[in-house]
Amino acid sequence: MSENPPRTELMGSSEFTNHHLGRTLEVRNLVKSFKVGSESFGKAERIKAVDDVSLFVPAGTTMGLVGESGSGKSTIARLICRLLEPDSGQVLVDGDEVTAGTKIPKGYARKVQIVFQDPTASLNPRWKVRRLVAEGIRVHGLRSRSETKERVAELVSLVGLPEHALDRYPHEFSGGQRQRIAIARALAVEPEVLVLDEPVSALDVSVQAQILVLLQELQAASGLTYLLIAHDLAVVERFCDEVAVIESGRIVEAGDPEIIHSRPEHPYTKALVEAHPVPDPHERTMYVHAQDKAEVAE
Amino acid sequence: MIDTPLLEVNDLSVRFGSVAAVSSVSFTVRSGEVFGVVGESGAGKSATAKAIIGLLPQSARVEGSVRFRGEEIRGASDATLRKVRGAGIGYVFQDALTALDPVRKIGVQLIESLQIHKDVSRKEAAKVAEDLLGEVQIKDPARCMSSFPHQLSGGMRQRVVIAAALIADPALIIADEVTSALDVTVQRRVLDLLLKVCADRGAAVIMITHDLGVVAQTCDRVAVLYGGIVAEEADVFDLFDAPRHPYTKALLQSMPRIGEDVPFVPIPGSAIQVVGKLHSCPFAGRCSYATQECLVDVPPVTTEEDGRQYRCVHALEPVS
């Protein structure tokens, strides 16, 4: 590990070790537009990907964000993590205020961590798990070298990976295990908010449930605050304390997860619910079967 | 003749080097039905589908028998296969963008697909293609004919690929994860459409998917694949109401469902890749019912009176 000399070792204080309280996440009037087309052809226009979005996620709870591709879900995730700069609006995490056009407060990147959809793309293939998980701790100078080593081993077991995983490369793992590594990596810097951008949609059904249960257990144990971005209504309905439905960059409906199955009001939410393939052949709504039924009725 | 199933797959095995992707898979598809092949990644779904119409690379070793309308097509000559593909069996690929030639217009591609199989003039073929695009609910078929694939949206491209698979009027359509890349509302429309056009023409469908929701909504019968074997094959209602194989049951329990306050239970571990010859139940390592018996050999096929089949020595009791 000579290529990456240890950072100044100033940590190890109790401030970071035990205190792991999730904090509220607040988003106020966030706006982000992108330029589409090329000016030289006179067709350039700006499209609002996120249009005046406000959210409030209480500490230790999960807010679900559903919508179809292009609705602006992932843009919101990136704006919150400041991987993109908003045109206007604010993000507030644990007293830190991130406003468009201002410098990001020191330590903000530690407080808000993101888990991406595709763990194959988000993990450096040339690094072993040990280094992948330790990177954040080193970058933020959170622990001494020996403490880092200990903490990394702890994290790897926390996300349900065997100890020998530490000395392996990402490609040696299955998709679900890689997502566990990505979660361990996010947790390593002791964040307060986890932004989960479609964390299970690239995984097999049986493995999706593993990751969802792991995330639930981690939240119960540590009080982390989650923003879960997903397109699967069933996942959102079962996993979240509150839900916001987003269409064309705007929140069209928000509230209790109930809105998904029993009281969708907005036509877009209704369309999403109706299109959801219910895993029960007794509740068929497809065109052909509906016709069969009509014929039987006649 | 009437009793000949449309497609009979018997003891089909596919190996890539030392990896056994498909081990001794058998099933039949009847005329006009929607037959589901469901499984997780690596279960052997796509390898099975591609082996049926000889689309696997040369390096794949395929054994067993595939009979289409009673005629053996496994290992058939290129000339025979070319006749079967398109005119007998249409294949709808998962990724519509790679299934279409990016540098040729949609119309040219559709006309060509028809002229290979039917002796029609270019003008007649163009008419058929345009009508078919209308049938798959493309709003402006004439404009679509003169468009390039990249000019269409994902849902429209998938419709074009469905049209291309249907144009020579095949009796069987293999739909290989056709809607996995699409948004749920688009997925819904494309599936509806696929079922409708196939029902109108009396074509059977093999619906390959990892999504049990899609299976429940579209299929008549289902084969559940795991580790390259058919773990269970049953009528769709029987399968969801009373799974006999522990894997099917575990898979159903691992799905979160809207409006049901039952906890979803993950299946521990991850799917295996079978290296060498399979000589145990592939699910044994993750199965809560597994015993020593499961590790001795691949469980034999049990067939019930109603034709339901499963490969498990600890089959779950039918629920009455």
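The values are calculated or read from the model by the stated rules, or taken from the named source; none is laboratory data. Because the structure is predicted, anything quoted here is derived from the model rather than measured. Using ideal geometry, Cβ is built from the backbone for each residue, glycine included, and neighbour counts are taken over all protein chains shown. All accessible areas refer to the heavy atoms of the entire protein, side chains included, with ligands and DNA or RNA removed. Shrake-Rupley method; radii C 1.70, N 1.55, O 1.52, S 1.80 Å.
Observations
- For the peptide B:189-199, the mean number of other protein chain Cβ atoms found within 10 angstrom of a residue's Cβ is 3.
- The equivalent ellipsoid that matches the C-alpha gyration tensor of the stretch B:7-310 spans semi-axes of 35, 22, 17 angstrom, in descending order.
- Across the stretch B:189-194, computed HN-Hα scalar couplings (Karplus, 6.51 cos²θ - 1.76 cosθ + 1.60, θ = phi - 60°) run 5, 5, 5, 3, 5, 4 Hz from first to last residue, x flagging Gly and Pro.
- Residues of type aspartates and glutamates that residue B:249 reaches as a straight line, Cα spacing below 16 Å, ignoring anything fewer than 8 places off in the same chain: A:204, A:280, B:40, B:211, B:232, B:233, B:235, B:238, B:241, B:317
- Mean Cα-pair separation over length for the stretch A:14-297, i.e. relative contact order, pairs under 8 Å, 6 or more apart, %: 25
- Kirkwood hydrodynamic radius of chain A, Cα pairs, Å: 20.9
- Remark: the stretch B:117-133, residue by residue, has Karplus-estimated 3J(HN,Hα) of 9, 10, 7, 10, 6, 4, 5, 5, 4, 4, 5, 4, 4, 5, 4, 5, 4 Hz, where x stands for each Gly or Pro and the curve is 6.51 cos²θ - 1.76 cosθ + 1.60 at θ = phi - 60°.
- Relative contact order computed over the stretch B:7-310 (Cα-Cα under 8 Å; 6+ residues apart), in percent: 23
- Of the cross-linked pairs B:50/B:83; A:43/B:105; A:32/B:139, those separated by over 23 Å at the C-alpha level are A:43/B:105; A:32/B:139.
- Each residue was assigned an accessible area with a 1.4 Å probe, and for residue A:231 the value is about 80 Å².
- Taking A:139, A:50, A:189 as the candidate residues, the one with maximal mean-square fluctuation in a Gaussian network model of chain A, Cα springs under 10 Å, is A:139.
- Largest-first ordering by accessible area, 1.4 Å probe, given options A:266, B:150, A:261: B:150, A:261, A:266
- The Rg/Rh ratio for the stretch B:146-275, using Cα coordinates for both the radius of gyration and the Kirkwood hydrodynamic radius, is 1.01.
- The stretch B:52-109: C-alpha gyration tensor shape, a/c 1.5 cut-off, then a/b vs b/c: prolate
- One chain, two ends: residue A:216 and residue A:157. Fully extended at 0.36 nm per residue, the span grows by 19.6 nm beyond their Cα-Cα distance.
- 10 Å beta-carbon shell around residue A:92, net charge (K/R +1, D/E -1): -2
- Partners of residue A:128 within straight-line reach, counting lysines whose Cα lies under 16 Å from its Cα and excluding those fewer than 8 residues away in the same chain: A:149.
- For the protein assembly as shown, the 222 nm mean residue ellipticity estimated from helices alone, with every DSSP H stretch of n ≥ 4 adding -39500 (n - 2.57) and the total spread over all residues, rounds to -10000 deg cm²/dmol.
- Computing Rg and the Kirkwood Rh from the Cα coordinates of the stretch B:107-179 gives a ratio, Rg/Rh, of 0.94.
- Legend note: in the protein assembly as shown, cysteines whose Cβ sits 4.7 Å or more from every other cysteine Cβ are A:81, A:240, B:144, B:198, B:219, B:287, B:312.
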